[in-house]
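**Student:** My questions will all concern the structure given below.
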Amino acid sequence: MWQELRTELHPAGLEIVTVALDTGGAEAARPWIEAAKPEHPALIDQAHVVDEMFGIVNVPSGVWIDEEGIIVRPPETAFPERTRFRDRPIPTDAPPGLRHRLELAKGIRVEPEKYIAALRDWVAHGSASRYALSPDEVLRRVGPRPMDAATAAAEFELGQHLYRLGRTDLAVGHFRQAHRLQPDNWTYRRQAWTLADPDQGPTDIYDSDWVRDVERIGPEHYYAPLEMG
């Protein structure tokens, strides 16, 4: 999906860099990258440094950085196109659990048309684009980083370190602490759930999972609405 957009906009000066946030490393992300056949840089962030640095709390998120290395839009939900499965009927023979998961996913708000229109405008007009934010506005939207969020990042980093050492018994406690300290960080939640169960389903080690947490907040609130003005 991003490759098509890159093909369109790269001649006008845009470079796209995709980053897979996956503690599992290259082997976990490789099939998706190979299937996309990207001509742009496609990186794997095994340590989740990118989301910690930029404050990304869910994926997919996009950050706009200009030619001077200045952030002109902080992290926000970034879909390059409407996901195709949303327009397809759910198979009648789908198991009940899968059916419910797909129904929830279909209810998630995505706004690719709005996002891509803004991106095209920025590529065409640069700093004159009304979608290129001032440094003050970028800082306002990012907001201050509370101590709980900073501590959650440290807990999550410790959990990853222990997981890579094979000490999953100790890693879980730190992942749970990260979830407690920053409950709106879906990146932390989904990574820990995926390491325990590829489908992010219920397990004995976490008191939450993707379906239950999306049900709790409502799928329409899974992503924050785009603030393009």
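**Student:** Within the range 7-27, restricting attention to residues that are farther than 21 Å from M53 by Cβ and either buried (at least 19 other Cβ atoms within 10 Å of the Cβ) or of a type in the set (A, V, I, L, M) (or both), which residue is farthest from the chain's Cα centre (by Cα)?
**Tutor:** A12
**Student:** Among the residues of the range 33-66, which ones are exposed (fewer than 13 other Cβ atoms within 10 Å of the Cβ) and more than 23 Å from N185 (Cα to Cα)?
**Tutor:** Listed by number, the residues that qualify are E34, A35, K37, E39, P41.
**Student:** Quick one: what pairs do we get from the range 135-153, first residue closer than 17 Å to H174 by Cβ, second in a helix (DSSP H, G or I), C-beta under 7 Å, 6+ apart or different chains?
**Tutor:** Short answer, once both residue conditions are applied: D148/L181; T151/L181; A152/A178; A152/L181; A152/Y188; A153/E52.
**Student:** Ok, one more. For the range 93-118, enumerate the residues that are among the hydrophobic types (A, V, I, L, M, F, W, C), in a helix (DSSP H, G or I) and more than 18 Å from the chain's Cα centre (by Cα).
**Tutor:** L98, L102, A117, A118
**Student:** Of all the residues that make up the range 174-192, how many are aromatic (F, W, Y) and either over 20 Å from A224 (Cα atoms) or assigned by TED's automatic domain parsing to the domain that holds G55 (or both)?
**Tutor:** Residues that pass the stated criteria total 1.
**Student:** When you go through V123, V138 one by one, which is the residue that is out of contact with any helix residue (DSSP H, G or I) (no Cβ under 8 Å at 6 or more places or on another chain), modelled with pLDDT of 95 or more and surrounded by 14 or more Cβ atoms within 10 Å (Cβ to Cβ)?
**Tutor:** Criteria check complete, one pass: V138.
**Student:** Quick one: count up the residues across the range 160-200 that are surrounded by 15 or more Cβ atoms within 10 Å (Cβ to Cβ) and among the small types (G, A, S).
**Tutor:** Residues flagged as surrounded by 15 or more Cβ atoms within 10 Å (Cβ to Cβ) and among the small types (G, A, S) within the range 160-200 amount to 4.
**Student:** Residue pairs, Cβ under 6 Å, 6 or more apart or interchain, first in the range 110-129 and aliphatic (A, V, I, L, M), second at pLDDT 95 or above and buried (at least 16 other Cβ atoms within 10 Å of the Cβ). List them.
**Tutor:** From residues that are aliphatic (A, V, I, L, M), the pairs are A118/Y131; V123/L9; V123/L14.
**Student:** Okay, moving on. Suppose we filter I56, I90 for residues that are part of a loop (DSSP other than H, G, I, E, B), in contact (Cβ under 8 Å) with a residue 60 or more places away in the chain and β-branched (V, I, T); which single one remains?
**Tutor:** I56
The values are calculated or read from the model by the stated rules, or taken from the named source; none is laboratory data. Only a predicted model underlies this, so the values are computations on that prediction, with no experimental measurement involved. Positions of Cβ are generated from backbone atoms using ideal geometry, with glycine treated the same way; all protein chains shown enter the neighbour counts.
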